[in-house]
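Values quoted throughout were computed directly from the atomic coordinates according to the rules given, and no laboratory measurement underlies them. As the structure is a prediction and not an experimental result, all values here were calculated from the model. With ideal geometry, Cβ positions are generated from the backbone for all residues, glycine too; neighbour counts draw on all protein chains shown.
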Amino acid sequence: MPQSQRKTRSALALAALLTGAVLLTGCTAGGTAADTSGDQLLTIPREDMGTFSRNFNPFTPNAAPMTQQAVYESMLVYNPADGATTPWLATEWTASDDGLELTFTMRDGVTWSDGEPMVAGDVAYTFELQKELLGGYEYLDTVEADDDQTVRFVLNRPYSPALYEIGQQIIVPQHIWEDIDDPAKDTNGTPVGTGPYTEVTSFQSQSFDLGKNPNYWQPEKQKIAGIRMLAFAGNDGANLAAVNGEVDWAYQFMPDIEKSFVAKDPEHRQFWFPSTGSMINWQLNTTKAPFDDVNVRKALSMAVDREQVTDIAMNGYAGPADCTGLSGAYSTWTDADTAASCDWTNHDVDAANALFEKSGYPLGADGTRTLPDGSPFTLDISVGSASSDWLSRPRSSRRTWPRSASPPPSTHPTGPRSRRATKTAVSTPESSGATTPRRRTSSSAASCRPRR
Amino acid sequence: MRFIVRRLAFYLLAFWVSITLNFLLPRFMPGDPVTRMFAQAANKMQPHQIEQLRQLFGLDERPIWQQYLTYVHNIFTGQMGVSISRFPTPVSEVIGSQIGWTLLLGGTALVIAVVIGNLLGILAAWRRGGVLDSVFPPILVFVGSFPYFWLAMAALYLFGVVLGWFPIRHAFDAGMTPELSWTFFSSVATHLFLPALTIVLVSIGGWMLGMRNTMIATTAEDYILMAEAKGLTNNRIMFRYAARNAMLPSVTAFGMSFGFIVGGALLTEVVFAYPGVGYQLLAAVQGLDYPLMQGIFLTITAAVLVANFIVDIVYVRLDPRVRVS
């Protein structure tokens, strides 16, 4: 098994000044504020979008933020933090004994924001449109609305994640979308959805406001007047807004959050790093020397002090993972024996040295390892440069890398960029840049970043 | 007239070369837009979604020469296509929504830097060894050699956060709609101040030094001595005789800089979260968004060429020697 490094990109949930928002994502916020009138806009920064495009088409990959959270809804809401599934547009669902048929009962009394009732036919139409525009759902044979309340999915093979995938599909109104000429290229500037905040009250390229859906099916939960999104071209600007108290909730990385953020108003400012998000790992090209050697991979892994990496690069917001490679979202699935069954996730320089010796990577005169033919053993780590926390991770692993154990890696802020762009890829000089078969072994992670 | 026609032919050739490079270079970059998008989504996309996106975008798989013909045709018919990284927003809309802010920021900063920088340069050279001449150049060069990013952050922190005199982000207040009103214009002006100030600070030194040096060379000319002998006023000699002749290199530099403004000021946009083309270009390059890249590069190319062409024409007016040769 190759071992990967597990440090974490955490998303951060700052919960301040928020008196009970509608459940938009997995993150909710506590705290109190003096103003409980409900006239406020919930202000949220996006640190990775310098500007917004007025595109609320949920089928496009870069729709405006909140398209999938506040405008449209799905049949089920799945909470990765506690593993719970909450009925949403559907109230209940049943699977046939052979697993080939799923039947959802739609909630009564849900209307689209234009006042039309939402029916099972909308669900069937959404799946038809999704398959036409994007393909996917190969396991679905037919999707049929038996009546206005019941929609039946017939599978061509038993597929256990189907409930999760189908349940999370965003549902769009048939009476709107069937009149759109080219749904793939429509920007859907004035969306009609079932979500709590569907009305675009203002749209500028760097901020936009969503107002209340007048026909929302849970009006008692629309406790704020709307949502305001702000655009930022990087972490720094968004962090500054959070520190200044100009946004209510943020989910970007913020260094030393206790001091830089919470200390300014400890009573109302809080943060949460749920360990349910993506994991950070090296992706070694296991088809090329020297990474095709299991001993090299284990030795590299053992040479990394994961505690120090998570402490320094992640400010301790996340912890090292074990060898199951499961993030905190799967805590109930993690088997303690399996987690404790490997030794290569422990920082152990002596064992790493022993493995290098065993595979014939001699210690050179200058105290660094060389390849078997005597040439220097160096490797490049390609990492994105857009986000400070991504850059500091390889730097700190370099710091922890003992010279006697293994080669000095060099960090190149190159390769695919943008913060989410970056798996840490390790490659030999001959294969530089080539990312590798994805092999996630371990990680721990945090994110309450909503699906977008 | 023949001069202008010759220049025009040269510019057409330059335009063709640059649009061809503009077409080829992005395609030499490794990867394709969908794999970039996949990489950017990190763990949030499944492998089967790659196929979905290819289907959605309808990526061009034709031979490259056919793509090139379509590309040239589209340029001359003004169709820039649909952005991939901001699918399905048309490229013209992405650029159109940003270029106004870029021109406002870049234009304001450039004009202020050029006017003040050149004036300081003229005055410094005229009173050589005076206070202006001995104090300003070192200070301005010192400030100008600060890393821009640092300077911008410092200004933002001092004037925006600590003193609170200026807003710390965006081009106008959130929730405001662009309109012809005093409140909107004052909001735009206060938001523009810090970004423009930092650009002026780092660029003004160059303008001043350049002007000062050519001005010194010009004041050594015989015709200045002649003008003094005729008893003309100092101001008249300084501006009409010396500065007018010393200004030629500055005019060239101004034209070049003006063309490059449309490329945007990436660092300013990042620090002040100011809207503009620079960030769009960065995002387009990162996402291998060929249509958007081509659109922005085309805009920059066209702007630089047009600005240079105008400078050429202005030169004919300013410098009689060009007309003769």
message = Can you give the log10 of the normalised intensity I(q)/I(0) at q = 0.08, 0.10, 0.11 Å⁻¹, computed with Debye over equal Cα scatterers of chain B?
response = -0.51, -0.77, -0.89
remark   = Going from the fewest other Cβ atoms within 10 Å to the most, one would list A:GLU357, A:GLU138 as A:GLU138, A:GLU357
note = Any residue on another chain or 5+ positions along whose placed amide H is under 5 Å from the amide H of A:GLN40 is listed here as A:ALA225
Per-residue mean of C-beta atoms belonging to partner chains within 10 Å, peptide A:200-209 = 5
query = What residues qualify as long-range amide H neighbours of A:THR201, i.e. H under 5 Å apart, gap of 5 or more or another chain, H built at 1.01 Å from N?
reply = A:ASP209, A:LEU210, A:GLY211
request  = Which order do the peptides B:277-284, B:183-190 take when ranked by the mean count of other beta-carbon atoms within 10 Å per residue, highest first?
outcome  = B:277-284, B:183-190
ask   = On average, how much area does the Cα convex hull of segment B:194-269 cover when viewed from any direction, in nm²?
value = 6.0
ask   = Percent of alpha carbon pairs in segment A:254-392 separated by more than 28 Å?
value = 33
query = Mind ordering B:93-103, A:142-152, B:194-204 by average Cβ neighbours within 10 Å, highest first?
reply = B:194-204, B:93-103, A:142-152
remark   = If A:GLU73, B:GLU228 are placed from fewest to most neighbouring beta carbons inside 10 Å, the sequence is B:GLU228, A:GLU73
key: Protection proxy ranking, peptides A:223-229, B:299-305, average beta carbon neighbours within 10 Å, highest first   = A:223-229, B:299-305
remark   = Among the Cα-Cα pairs of segment A:110-242, the proportion with separation greater than 25 Å, in percent, is 42
query = Kirkwood hydrodynamic radius of segment B:133-248 from all distinct Cα pairs, in Å?
reply = 17.5
task = Could you work out the mean count of beta carbons from other protein chains within 10 Å of each residue's beta carbon in B:237-246?
result = 0
message = Please compute the alpha carbon radius of gyration of segment A:73-177, then divide it by the globular-protein estimate 2.2 N^0.38 Å. Two decimals is fine.
response = 1.02
